[in-house]
Every structure is written in structure tokens, then in C-alpha cells.
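What follows is a single structure, written as C-alpha cells, with notes after it.
The values are calculated or read from the model by the stated rules, or taken from the named source; none is laboratory data. The structure displayed is predicted, hence computed values, not measured ones. Every residue, glycine among them, receives a Cβ derived from its backbone with ideal geometry; neighbour counts consider all protein chains shown. Ligands, DNA and RNA are excluded from the accessible area calculation, which covers all protein heavy atoms including side chains. Shrake-Rupley method; radii C 1.70, N 1.55, O 1.52, S 1.80 Å.
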Amino acid sequence: MATMRVAQITRPKGPFEIVERPIPEAGAGALRIKVHACGICHSDSLVKDGLMAGIQYPRVPGHEVAGVIDQVGPGVPGWEVGQKVGVGWNGGYCGYCDQCRRGEFFACVRGQVTGITFDGGYGEYLIAPTSAVARMPDDLPPTEAAPLMCAGVTTFNALRNSGARPGDLVAVHGLGGLGHLGIQYAAKMGFNTVGIARGKDKEPLARKLGATTYIDSQAQDPAAELQKLGGAKVILATVTSGEAMGAVQGGLAVNGTLLVIGAAESFPVSPLSLLTGCRAVKGWYSGTSIDSQDTLAFSVRSGVRPMNEIYPLDRVSEGYDRMLSGKARFRVVLKML
Ligand SMILES: [Zn+2]
Ligand SMILES: [Zn+2]
């Protein structure tokens, strides 16, 4: 029987184990994908550390998958062996629950999560439901495509649904895995893009990625600086500190939105600022497979690329630790080939 290598976790807080398993068959409504690259994401700690109830072990993490269709399951129209594809966090939706019937596929009550409710991309093959699969442009290297399936679609989809129009002042708060893509997308979408991060040393990179203005939140009050520029129509909050998010909300223009995509702790919001300026604090959920497909196509056309550190599957533990250290510039990616 043909086998594949995967990196699995067998118990909460257990180590990564590289094991041989039989290559699985694609069932009805599913595709088998040969994985070329898979990003290592902070959310993979849900599996590694058992932070989410109901995860069945052993489990193969990984929801930033780039690869090629290797087998098409029975009753699957529209997909062919050999097509380049990606799979992201959204691991598919049922199509018949009330949320799906309203078009809110991301909120499907039977929704799956790649690498959490089924085995993900830390391995040579995975099986994915067709609703989880995005078509990938031919000329995008898999290691560059992989992080776009998570950090990319999250920032791209949040910005394109933010209500900001070309020319509007849009601030991207934080210059990490999400922020370094957010600045690029904001600039390519035609927004007047402001980068906000801690320290003067990040300014050259923020400007290189497309920010026209840089605010060092350690040396300056980011809210006051944004107000000097007329206020931000949107602040895309990618940081993981609630306190830091709270400190930028005063920089919103009238009708401005603080768009939260960083999983930070709670922070105080000023009702007076909201009601006197029709301001909003809102979250965004990343996206489904068609949003990822749009993200990939836009990235290829506009030249948006993630900055990555690449590891082979054998060094998955090292790559994971590097991601956890917060020192990676900026995404860590496993390369299978
Ligand atoms: Zn991710
Ligand atoms: Zn559904």
C-alpha cells in the first residue's frame, strides 16, 4: 500500500511525530490534494496544546495549504486532477443550514476547520471537502501561496469589505504576519496607507511595503497622529494587545471603523467617541474558499507577497518553535517538495 509522511500530534501538549500512514482515498464530495507547502500558524497551537474542546487525536495540523489535486472523489463536478489549489482555515460548509442559505457560509453550523476537525497540511497529502478548496494561479510558487490562505485572505478580505474607498486614509496597526500583508493590500487597493508599529526601526519596511506614512507608537500617540492626518476611515487592528488596540481607536475619522482581526484580550471602548462620530468597532472573520481564491488572484496581479522562512517537514518542531518565538520574518512555511 502506498504511504505518505505526516507530522501528527497524538495528545495535547505532545510533540510532533513524523509517521508513515496509508495515503487516504477521496470520498464523496471531496478531493485529495498533494501538498506542496503548508504555513505554520499561531492557530495551530489549538491542536498542539489542546486548547479547543472536541479535537480528536492523533491530528495533523495545518490550514495554510498549497498543492495540486491528486484524486477527485465520486460525484464531484468542476475539479480535475492536476489543478493547483489551496485550502485555508475554513474547511468547508454544508450549503443547507440557515446560515448557508442566507449566504453566510463562514458561519455554517456544520462548518469544518482544516487541520482541526480533519487532518490538515503538515503532511504529503490531505483530503478536503470541495467547498474548502480554492483555485490557485499557475505562476504563484506554493511557499508564497500558503500564507495567503490564512494571513493573506484575512487581511485582503477585511480590507475589501471595510467600506474604505480608494484615496481614503487606512491605517494598518501592527507589522507582523498579518500587518506586513495588510499594508501591501491596502496600498495596492489605492488607500492612503498608514503603518503603525512599535519602534523607529520598522519604518523602512513599512514604507517599502507601501505605507505613505509611518507612526511609531512607542514615540508618538498614534490616535493624535492619525487625527492630524484627518482621521482614519479604517484602522485594521492586527496586533495581539487589547491595550494597544484601545490606544488607536481615538484616531478614527467620523464614520470610521476599527476593524479587529487580531485575537487580542478585551479592551475598553469609548461610547462617547462612537456615538458622537458614528464610529464603529467591528470584527472580520477571514474568509471562505472563494475569498481565498480572490486573494490569490489579486496577489498575483498586484505583486503582493508574504515574507517567509522555509523549513522541510523533518524540521517541523523547529519551524513551529520559530513561529511561537514571534521572531520569524514574517511567516513560517513547511515545504514538502
Ligand atoms: Zn493561519
Ligand atoms: Zn451550513
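The table that follows gives values for the structure above.
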item: Choice from K200, K48, K188 showing the highest fluctuation, given a GNM over the chain with Cα pairs closer than 10 Å; result: K200
item: Probe 1.4 Å, accessible area per residue of the chain, Å²; result: 42
item: Compactness index (Cα Rg / 2.2 N^0.38 Å), the chain; result: 1.00
item: FRET E, pair Q99, A297, Förster distance 35 Å, beta-carbon r, rounded to 0.05; result: 0.85
item: Note, ³J(HN,Hα) from phi for region 121-133, Karplus 6.51, -1.76, 1.60, rounded to Hz, x at Gly and Pro; result: x, 7, x, 7, 9, 9, 9, 10, x, 4, 5, 8, 9
item: Nearest 10 degrees, 0 to 90: helix 151-160 Cα axis against the chain principal axis; result: 50
item: Mean ellipticity per residue at 222 nm, deg cm²/dmol - from DSSP H runs of n ≥ 4 across the chain, formula -39500 (n - 2.57); result: -6500 deg cm²/dmol
item: Using a Förster distance of 41 Å, the FRET efficiency for A2-K327 (Cβ separation, nearest 0.05); result: 0.60
item: Sequence-distant residues sharing a close amide H with M4 (under 5 Å, placed H); result: R21, I23
item: Relative contact order (%) - criterion: Cα under 8 Å, at least six apart; region: region 1-126; result: 29
item: Solution diffusion estimate, µm²/s, Stokes-Einstein, region 13-53, Kirkwood Rh from C-alpha pairs, 4 °C, viscosity 1.567 mPa s; result: 98
item: Karplus 3J(HN,Hα) series, Hz, for region 244-249 with 6.51 cos²θ - 1.76 cosθ + 1.60 (x for Gly, Pro); result: 5, 5, x, 6, 9, 4
item: Length-normalised contact order of region 135-260 in % [C-alpha pairs under 8 Å, at least 6 apart]; result: 23
item: Euclidean distance between Cα centres, region 1-53 to region 108-149, Å; result: 12
item: Long-range HN-HN contacts of G121 with modeled amide H, under 5 Å; result: G62, H63, E64
item: Phi-based couplings in Hz for region 107-115 (Karplus 6.51, -1.76, 1.60; Gly and Pro marked x); result: 9, 3, 6, 10, x, 10, 10, 4, x
item: Segment I290-D221, extension gain: residue separation times 0.36 nm, minus the distance between their alpha carbons; result: 21.0 nm
item: Within straight-line cross-link reach of K208, aspartates and glutamates at Cα separation under 20 Å, skipping those fewer than 8 residues along the same chain; result: E144, D168, D216, E309
item: Assigned charges on the beta-carbon of Lys, Arg, Asp, Glu; region 136-209 dipole about Cα centre (debye); result: 340
item: Region 100-244 - Debye-derived log10 I(q)/I(0), Cα point model, q = 0.09, 0.10, 0.15 Å⁻¹; result: -0.36, -0.43, -0.85
item: Cα-based shape type of region 240-329, given that a ≥ b ≥ c are square roots of the gyration tensor eigenvalues and the cut on a/c is 1.5; result: oblate
item: Region 55-116: trypsin sites (Lys or Arg not before Pro) in DSSP coil with no more than 11 other Cβ atoms inside 10 Å; result: R102
item: Distant-in-sequence amide H partners of W284 (H built 1.01 Å from N, under 5 Å); result: V260
item: Reference-scaled alpha-carbon Rg (2.2 N^0.38 Å with N residues) for region 1-152; result: 1.00
item: Gyration tensor (Cα) of region 181-323, equivalent ellipsoid semi-axes in angstrom; result: 28, 18, 17
item: Only Lys, Arg (+1) and Asp, Glu (-1) charged, at Cβ; the chain dipole about Cα centre in debye; result: 440
item: Debye-sum result for region 176-251 in log10 I(q)/I(0), which assumes one identical scatterer on each alpha carbon, at q = 0.18 Å⁻¹; result: -0.65
item: Sequence of R5, R21, R198 from largest to smallest accessible area, 1.4 Å probe; result: R198, R5, R21
item: Helix axis angle, 179-188 relative to the chain longest principal axis, alpha carbon, degrees; result: 70
item: Exposure ranking of L181, L205 by accessible area [1.4 Å probe, largest first]; result: L205, L181
item: Whole-number percent relative contact order across the chain, with pairs defined as alpha carbons under 8 Å at least 6 apart; result: 18
item: With at most 11 other Cβ atoms within 10 Å, longest stretch of the chain clear of loop GluC sites (Glu not before Pro) (DSSP); result: 81-264
